[in-house]
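Asks: Please see the structure below; I have some questions.
The values are calculated or read from the model by the stated rules, or taken from the named source; none is laboratory data. Note that the structure is predicted; figures quoted are calculated from it, not measured. A quick note on method: Cβ atoms are made from the backbone with ideal geometry, for glycine too, and the neighbour counts reach across all protein chains shown.
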2 protein chains.
Amino acid sequence: MRVHVAFTPGEQTPATVGIVVDVLRATSTMAQALAAGYTRVLCCAEIEEARALAETEGDVKLAGERRLEHIEGFDFGNSPRELAGAPPAETLILTTTNGTRLLVAAAARFEQVLVGSLLNLGAVARAARETGEDVAVLCAGVLGELALDDAYCAGRIVATLGGEHMDSAAAAARLAASFPDSQSGLGASRSARNLRKHGLEEDIEWCARENTLDVVPRFVQMVGPAAEVAV
Amino acid sequence: MRVHVAFTPGEQTPATVGIVVDVLRATSTMAQALAAGYTRVLCCAEIEEARALAETEGDVKLAGERRLEHIEGFDFGNSPRELAGAPPAETLILTTTNGTRLLVAAAARFEQVLVGSLLNLGAVARAARETGEDVAVLCAGVLGELALDDAYCAGRIVATLGGEHMDSAAAAARLAASFPDSQSGLGASRSARNLRKHGLEEDIEWCARENTLDVVPRFVQMVGPAAEVAV
């Protein structure tokens with residue numbers, strides 16, 4: 001099993017299984033939602049798409065943010081913490097630009113697309129290993145560049161996964177090992193600084209907790225403009 | 001001064017100054033050639049382009065390799081070690097697929113393009129810092145993915161350069177600091193393993209020596225299909 005890491009969305013890493021990572025906060029939110037009892041998450045890029053899906057998809061709640069601000073009429077921000085504290089609906093509609101784009105691009109290139117975070121670290125690594133196939137961890141990054149939070153999470157995933165590490169995976173594992181803990185690893189990133197500025201530092205702590213959830217969200221299908229993720 | 005690192009050629013890092021890095025071995029060879037007395041290096045992608053330039057560009061020597069094998073009729077491989085041990089000509093024509101592509105792409109996007117390696121680490125960092133502009137270190141990578149040798153060299157450059165490190169630069173610096181020395185940093189890469197397989201391990205040691213050369217090669221202009229590099 002060869003293991004690759006793509007630190008930015010444009011990289012064409014060859015593998016059968018893709019694990020998407022946008023750890024602060026989209027993929028952590030997806031894992032938390034499914035663990036909290038939602039049957040599926042529909043990820044879409046645009047606010048208006050989310051509102052339209054809310055009209056047609058039955059028992060739904062709406063989550064998302066724009067520049068870390070609340071969206072009018074939405075039930076939640078893009079916060080796993082908020083989702084864990086409220087009773088679930090059947091479907092969570094989540095609007096997140098990077099997360100959606102990453103899922104859709106991965107679905108076009110990989111036979112299986114899993115959703116990774118630190119919350120479900122062991123579960124997603126085990127599921128990927130059990131396929132016996134080559135694996136690529138696909139980081140959302142920031143503005144087309146490596147994001148430390150995603151690279152840290154990718155490093156933890158590949159270290160947990162084992163296998164034959166390509167240079168990219170070895171680099172991610174080394175980078176992750178250079179931090180004393182997940183709180184420091186995520187906390188050193190620009191994304192974390194932005195969350196702190198908006199008073200959302202508790203989300204960093206929340207997302208930094210390893211192995212609190214035993215779910216492996218997978219890309220299932222497109223539902224209109226949205227990528228459906230379920231366990 | 002903001003400092004970015006692009007670990008793969010596709011990344012669109014914003015900056016004014018680009019430092020290209022293909023440390024095993026193209027950019028080390030360019031720095032060594034100019035330090036050894038060549039006036040310029042013409043980097044081209046194709047063997048036939050190199051041979052045609054040799055007919056028109058006067059006092060030249062030819063260097064390059066394909067899959068780490070010697071090219072018929074060429075004076076040197078893509079080896080800084082060989083270049084240091086022979087009297088120079090006016091022009092070195094170097095054929096290297098990645099190195100040339102990287103230079104040409106960088107020249108289209110950055111106002112200034114410098115050539116970085118460990119051999120000229122301090123010199124290239126100082127030259128970049130003296131511009132006072134934002135800097136991006138551009139790694140050749142391997143097959144569109146991060147290469148440990150280039151990422152290591154990028155990390156040493158940004159650590160030497162200082163400035164405000166974007167997440168990508170911070171990751172590179174941390175990665176480099178995780179190795180005890182340059183020999184280990186370059187030696188852990190897939191490129192190094194390939195060089196060892198071809199009996200070229202001395203080139204790894206050669207390229208791992210920091211600050212042995214005080215040259216800052218720069219992209220000057222295109223000469224037909226070749227990127228001209230000079231100090």
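Asks: Keeping to segment B:139-194, report how many residues are of a type in the set (A, V, I, L, M, F, W, C) and without any contact (Cβ under 8 Å) to a residue 40 or more places away in the chain.
Replies: Summing the residues that are of a type in the set (A, V, I, L, M, F, W, C) and without any contact (Cβ under 8 Å) to a residue 40 or more places away in the chain in segment B:139-194 gives 8.
Asks: Just checking, which of B:144, B:132, B:99 is surrounded by fewer than 24 Cβ atoms within 10 Å (Cβ to Cβ) and either within 30 Å of residue A:167 (Cβ to Cβ) or touching an Asp or Glu at 6+ places or on another chain (Cβ under 7 Å) (or both)? It would help to see each step written out before you state the result.
Replies: Working: B:132 fails: either within 30 Å of residue A:167 (Cβ to Cβ) or touching an Asp or Glu at 6+ places or on another chain (Cβ under 7 Å) (or both); B:99 fails: surrounded by fewer than 24 Cβ atoms within 10 Å (Cβ to Cβ).
Checking each option against the conditions leaves just B:144.
Asks: Being touching a Lys or Arg at 6+ places or on another chain (Cβ under 7 Å) and crowded, with 16+ Cβ neighbours inside 10 Å is the filter; apply it to segment B:193-209 and report the residue that is farthest from residue A:165 (Cα to Cα).
Replies: Taking the candidates together, the pick is B:206.
Asks: Those residues that are of a type in the set (Gly, Ala, Ser) and at pLDDT 90 or above, I need them from segment B:74-107; list them, please.
Replies: B:77, B:79, B:84, B:86, B:89, B:105, B:106, B:107
Asks: Within segment B:18-29, is there a residue that is more than 26 Å from residue B:211 (Cα to Cα) and of a type in the set (Val, Ile, Thr)?
Replies: Looking only at segment B:18-29, we keep the residues that are more than 26 Å from residue B:211 (Cα to Cα), and these are none.
Scanning segment B:18-29 turns up no residue that is more than 26 Å from residue B:211 (Cα to Cα) and of a type in the set (Val, Ile, Thr).
Asks: Here is a list of conditions, (1) within 30 Å of residue A:193 (Cα to Cα); (2) buried (at least 21 other Cβ atoms within 10 Å of the Cβ); (3) of a type in the set (A, V, I, L, M, F, W, C), and residue B:179 meets all of them except one; can you say which number that is?
Replies: Of the numbered conditions (1) within 30 Å of residue A:193 (Cα to Cα); (2) buried (at least 21 other Cβ atoms within 10 Å of the Cβ); (3) of a type in the set (A, V, I, L, M, F, W, C), the odd one out for residue B:179 is (2).
Asks: Kindly check whether there is at least one residue in segment A:65-87 that is touching a helix residue (DSSP H, G or I) at 6+ places or on another chain (Cβ under 6 Å) and of a type in the set (S, T, N, Q).
Replies: Within segment A:65-87, one or more residues are touching a helix residue (DSSP H, G or I) at 6+ places or on another chain (Cβ under 6 Å) and of a type in the set (S, T, N, Q).
Asks: Among the candidates B:35, B:6, single out the residue that is small (Gly, Ala, Ser) and within 27 Å of residue B:82 (Cβ to Cβ).
Replies: After ruling out the rest, the residue left standing is B:35.
Asks: Is it true that some residue in segment A:73-93 is more than 22 Å from residue A:213 (Cβ to Cβ) and of a type outside the set (Ser, Thr, Tyr)?
Replies: Yes, some residue in segment A:73-93 is more than 22 Å from residue A:213 (Cβ to Cβ) and of a type outside the set (Ser, Thr, Tyr).
Asks: Within segment B:156-173, can you find the residues that are surrounded by 24 or more Cβ atoms within 10 Å (Cβ to Cβ) and facing chain A (nearest Cβ under 10 Å)?
Replies: B:166, B:167, B:168, B:169, B:171, B:172
Per-residue answers, yes or no, for (1) within 14 Å of chain B (Cβ to nearest Cβ); (2) closer than 18 Å to residue A:29 by Cβ; (3) touching a Cys at 6+ places or on another chain (Cβ under 8 Å); (4) modelled with pLDDT of 95 or more:
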site	(1), (2), (3), (4)
A:112	no, no, no, yes
A:115	no, yes, no, yes
A:118	no, yes, yes, yes
A:123	no, yes, no, yes
A:136	yes, no, no, yes
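Asks: Another question, if that's okay. Which members of segment A:156-180 meet the condition of being in a loop (DSSP other than H, G, I, E, B) and on the phi < 0 side of the Ramachandran plot? Show your work before the answer.
Replies: We begin by selecting, within segment A:156-180, every residue in a loop (DSSP other than H, G, I, E, B); these are A:162-163, A:166, A:178-180.
Residues satisfying the conditions are A:166, A:178, A:179, A:180.
Asks: Looking only at segment B:102-120, count every residue that is under 23 Å from residue A:167 (Cβ atoms) and surrounded by fewer than 24 Cβ atoms within 10 Å (Cβ to Cβ) and tell me the total.
Replies: So the answer is 2.
Asks: Quick test for you: out of A:63, A:127, A:105, pick the one residue that is of a type in the set (A, V, I, L, M, F, W, C) and farther than 23 Å from residue A:157 by Cβ.
Replies: Just one listed residue meets the conditions, A:63.
Asks: Would you pick out the residues in segment A:141-155 that are part of a helix (DSSP H, G or I) and more than 7 Å from every other protein chain (Cβ to nearest Cβ)?
Replies: Of everything in segment A:141-155, those that are part of a helix (DSSP H, G or I) and more than 7 Å from every other protein chain (Cβ to nearest Cβ) turn out to be A:149, A:150, A:152, A:153, A:154, A:155.
Asks: From B:194, B:211, grab the single residue that is at pLDDT 95 or above, farther than 24 Å from residue A:176 by Cβ and within 12 Å of chain A (Cβ to nearest Cβ).
Replies: Working: B:211 fails: within 12 Å of chain A (Cβ to nearest Cβ).
Residue meeting the stated conditions: B:194.
Asks: So residue B:221 clears everything in (1) more than 14 Å from chain A (Cβ to nearest Cβ); (2) surrounded by fewer than 24 Cβ atoms within 10 Å (Cβ to Cβ); (3) assigned to a helix (DSSP H, G or I) except one condition, right? Which one?
Replies: (3)
Asks: Among (1) over 15 Å from residue B:225 (Cα atoms); (2) surrounded by fewer than 24 Cβ atoms within 10 Å (Cβ to Cβ), which single condition is residue B:29 missing?
Replies: Only one criterion is unmet by residue B:29, namely (2).
Asks: Continuing with the same structure: Please work out which residue is farthest from residue B:79 (Cα to Cα), limiting yourself to segment B:3-27 and to residues that are within 11 Å of chain A (Cβ to nearest Cβ) and in a strand (DSSP E or B).
Replies: Applying the filter and picking the extreme gives B:4.
Asks: Anything in segment B:43-85 that is on the phi > 0 side of the Ramachandran plot and either crowded, with 16+ Cβ neighbours inside 10 Å or not small (Gly, Ala, Ser) (or both)? List them, or say none.
Replies: Correct list: B:64, B:67, B:68.
Asks: Another question, if that's okay. Suppose we keep only residues that are part of a helix (DSSP H, G or I) and polar (S, T, N, Q) within segment B:28-51. Which one would you say is farthest from the other protein chains (Cβ to nearest Cβ)?
Replies: Ranking the qualifying residues of segment B:28-51, first place goes to B:32.
Asks: List the number of the failed condition for residue B:3; all other conditions in (1) more than 26 Å from residue B:157 (Cα to Cα); (2) touching a His at 6+ places or on another chain (Cβ under 8 Å) hold.
Replies: Checking residue B:3 against (1) more than 26 Å from residue B:157 (Cα to Cα); (2) touching a His at 6+ places or on another chain (Cβ under 8 Å), the one that fails is (1).
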